[in-house]
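Novice: Can you read through this structure? Questions will come right after.
The values are calculated or read from the model by the stated rules, or taken from the named source; none is laboratory data. If you're wondering where the values come from, they're calculated on a predicted model, not measured in any experiment. Positions of Cβ are generated from backbone atoms using ideal geometry, with glycine treated the same way; all protein chains shown enter the neighbour counts. Calculation scope for accessible area: heavy atoms of the full protein, side chains included, ligands and nucleic acids excluded. Shrake-Rupley method; radii C 1.70, N 1.55, O 1.52, S 1.80 Å.
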Amino acid sequence: MEDIENWRVLWEKLITSGVDLGKRLLAAIVIYLVGRMIIAIVNHILAKNAKRKTMDPEVRSFMNSAIRIGLNILIIIAVIGALGIETSSFAALLASAGVAIGMALSGQMQNLAGGILILIQRPYRIGDYIITNGTEGTVTSIQIFTTKMLTPDNREVTIPNGAISSAVLINVTAQKTRRIDFSFGVEYNTDVDKVRQALKAIVDADQDILKDPEPMIVVEDLADSSVNIKLRIWVESPNYWDVTFRTKEAVYKKFNEEGIAFPFPQLTVHQG
């Protein structure tokens with residue numbers, strides 16, 4: 001009879017523990033689902049308010065990333081508490097592992113610091129075309145740890161903020177205007193004034209080439225097989241590549257129409 005009583009007590013304890021565990025699991029699941037719903041609502045509210053207010057896209061992207069990570073951490077702590085694990089013990093466990101975690105995440109801390117520096121110094125913004133760390137492209141987002149870029153051939157590149165903040169960075173579109181330098185070679189017997197007039201006609205006909213600063217056409221160099229003419233023009237930054245390609249094609253056609261010959265390497269041999 002005593003054994004039966006012991007088994008009964010054990011069975012009741014198992015049932016009680018199982019019910020308690022089930023309640024804790026159910027509470028943890030509910031907290032997680034509600035937490036995810038709250039995160040979605042907060043992100044929606046932030047996105048909606050950001051459109052109404054004059055908040056920089058860079059700050060909005062960084063804040064959204066930070067808030068999303070912070071809320072996820074709070075959900076994890078709440079779920080752990082619902083499962084019956086003492087959060088104080090959990091905090092102590094994290095503290096004891098702090099050195100190892102700090103070493104493992106030292107790179108991420110550098111990226112976080114780099115992201116903060118980027119927001120403060122503003123070396124680039126979303127939509128700028130930048131060159132850094134051997135990569136170039138248009139910035140699509142600035143997040144808490146990384147910056148995402150889209151290359152001209154439509155590849156997405158993710159670069160750690162720490163690497164960007166400590167490297168040489170070229171912001172191609174930071175200024176409203178850019179200068180384009182061309183160098184065209186012509187044969188030595190070519191009338192330089194004729195070449196100048198041909199290039200001036202091309203420049204005057206293109207509405208995207210700015211008249212201020214004034215375009216410059218000069219003799220750049222007397223090379224071995226050619227007289228090199230320098231054409232220097234200014235354009236608005238978004239028009240840089242269109243004007244570059246269009247001008248080269250226009251020069252090729254114009255020189256052929258005017259009978260201006262392009263040189264090719266020549267070697268004169270004198271016999272004694």
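Novice: Please pick out the residue among Leu74, Leu21 that is at pLDDT below 70, in a helix (DSSP H, G or I) and either touching a Phe, Trp or Tyr at 6+ places or on another chain (Cβ under 7 Å) or not polar (S, T, N, Q) (or both).
Specialist: Within the list Leu74, Leu21, the selection yields Leu21.
Novice: Kindly establish whether Leu94 is under 27 Å from Val30 (Cβ atoms), at pLDDT 70 or above and open to solvent by 80 Å² or more (accessible area, probe 1.4 Å).
Specialist: no
Novice: Of the residues that make up segment 210-217, is at least one basic (Lys, Arg) and exposed (fewer than 14 other Cβ atoms within 10 Å of the Cβ)?
Specialist: Yes, segment 210-217 has at least one match.
Novice: On to the next question. For the condition open to solvent by 100 Å² or more (accessible area, probe 1.4 Å), of a type in the set (Asp, Glu) and either out of contact with any His (no Cβ under 6 Å at 6 or more places or on another chain) or more than 24 Å from Val172 (Cβ to Cβ) (or both), what is the one hit in Glu257, Glu236, Glu220?
Specialist: So the residue among Glu257, Glu236, Glu220 that is open to solvent by 100 Å² or more (accessible area, probe 1.4 Å), of a type in the set (Asp, Glu) and either out of contact with any His (no Cβ under 6 Å at 6 or more places or on another chain) or more than 24 Å from Val172 (Cβ to Cβ) (or both) is Glu257.
Novice: Any residue in segment 232-255 that is without any contact (Cβ under 8 Å) to a residue 60 or more places away in the chain sitting within a Cβ distance under 6 Å of a residue that is open to solvent by 90 Å² or more (accessible area, probe 1.4 Å)? List the pairs, counting only those 6 or more apart or interchain.
Specialist: Here the result reads Trp234/Arg179, each pair linking segment 232-255 to a residue that is open to solvent by 90 Å² or more (accessible area, probe 1.4 Å).
Novice: When you scan segment 153-183, how many residues do you find that are in contact with a helix residue (DSSP H, G or I) (Cβ under 6 Å, 6 or more places away or on another chain) and hydroxyl-bearing (Ser, Thr, Tyr)?
Specialist: 2
Novice: Report, by residue number, each residue of segment 146-182 that is among the charged types (D, E, K, R) and crowded, with 16+ Cβ neighbours inside 10 Å.
Specialist: Lys148, Arg178, listed by residue number.
Novice: Considering only residues that are among the aliphatic types (A, V, I, L, M), within 34 Å of the chain's Cα centre (by Cα), over 23 Å from Ala261 (Cβ atoms) and not in a loop (DSSP other than H, G, I, E, B), which ones fall in segment 184-237?
Specialist: Residues satisfying the conditions are Ile209, Ile233, Val235.
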